Amino acid sequence: MIYKFSETDEELKQILQLQAQNHKDSVDEDTKAKQGFVTVKHSFSEIKALNNIEKHTILKVDNQVEAYVLAMTKKSKNLIPILEPMFKIFDEIFYKNKKISDYKYIVCGQVCVGEKVRGKGVFDEIYQFYRENLEKDYDFCITEIAVNNTRSIRAHERIGFKTIHRYTDIFGIDWLVVLWDWR
């Protein structure tokens, strides 16, 4: 098992394969409840553009991506239209009496642990790698999680994420904005 940053087009394609396998439209309700799911599907050009700004973190086992944490920064806020509302929320909410947008933050754009490596501590380890390699450049890591993705909420809370905001989007989906303070 090797934790590293994504470097090749093949690794990015493998991220997209894992994403497709674990997307909310690809898994049954029981799997969603017990194992979680990912909400957004990216195109290859989007995932590559994000990776060109800040590298995604991956876990490789036998040369195959088995887990990932995507990276997004303020520079990537206009690259994926479906995520623009999330960045708009970040411009409006506060943390420790400052707007989120006034901090230097990294968005863990999506985390996914493949079925082959679940239950082996990978979620905690991949986020630890993420933090160890990015905390020198960012004040915190932030993301949003669908309220109905209880597995993801619990896992993020376990490693130190705190809920700082809740909202309902235009589709009626409830979201938690969660933050992992690295200072």
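The values are calculated or read from the model by the stated rules, or taken from the named source; none is laboratory data. Since the structure is predicted, the reported quantities are computational estimates derived from the model, not experimental observations. Here Cβ is always computed from backbone atoms with ideal geometry, including for glycine, and neighbour counts include all displayed protein chains. The accessibility values were calculated without ligands, DNA or RNA, using every heavy atom of the protein model including side chains. Shrake-Rupley method; radii C 1.70, N 1.55, O 1.52, S 1.80 Å.
Worth a mention:
- At R0 = 30 Å, FRET efficiency that the Cβ-Cβ distance of Glu115 and Thr168 yields, to 0.05: 0.45
- Against the set [x] 122; [y] 110; [z] 131, the structure's computed volume of the Cα convex hull per residue in Å³ falls on [y].
- Solvent exposure of the chain as accessible area per residue, Å², 1.4 Å probe: 51 Å²
- The gain in end-to-end length when the Asn133 to Lys88 segment is fully stretched comes to 13.6 nm, 0.36 nm per residue minus the alpha carbon separation.
- Shown in residue order for the stretch 110-121 are the 3J(HN,Hα) couplings computed by the Karplus curve 6.51 cos²θ - 1.76 cosθ + 1.60 at θ = phi - 60°: 4, 10, 8, 10, x, 4, 5, 10, 5, x, 10, x Hz (x for Gly and Pro).
- The stretch 1-135 - share of DSSP beta bridges that are antiparallel (%, nearest 5): 95 percent
- Portion, in percent, of the accessible area of the chain that falls on carbon or sulfur, probe 1.4 Å: 49 percent
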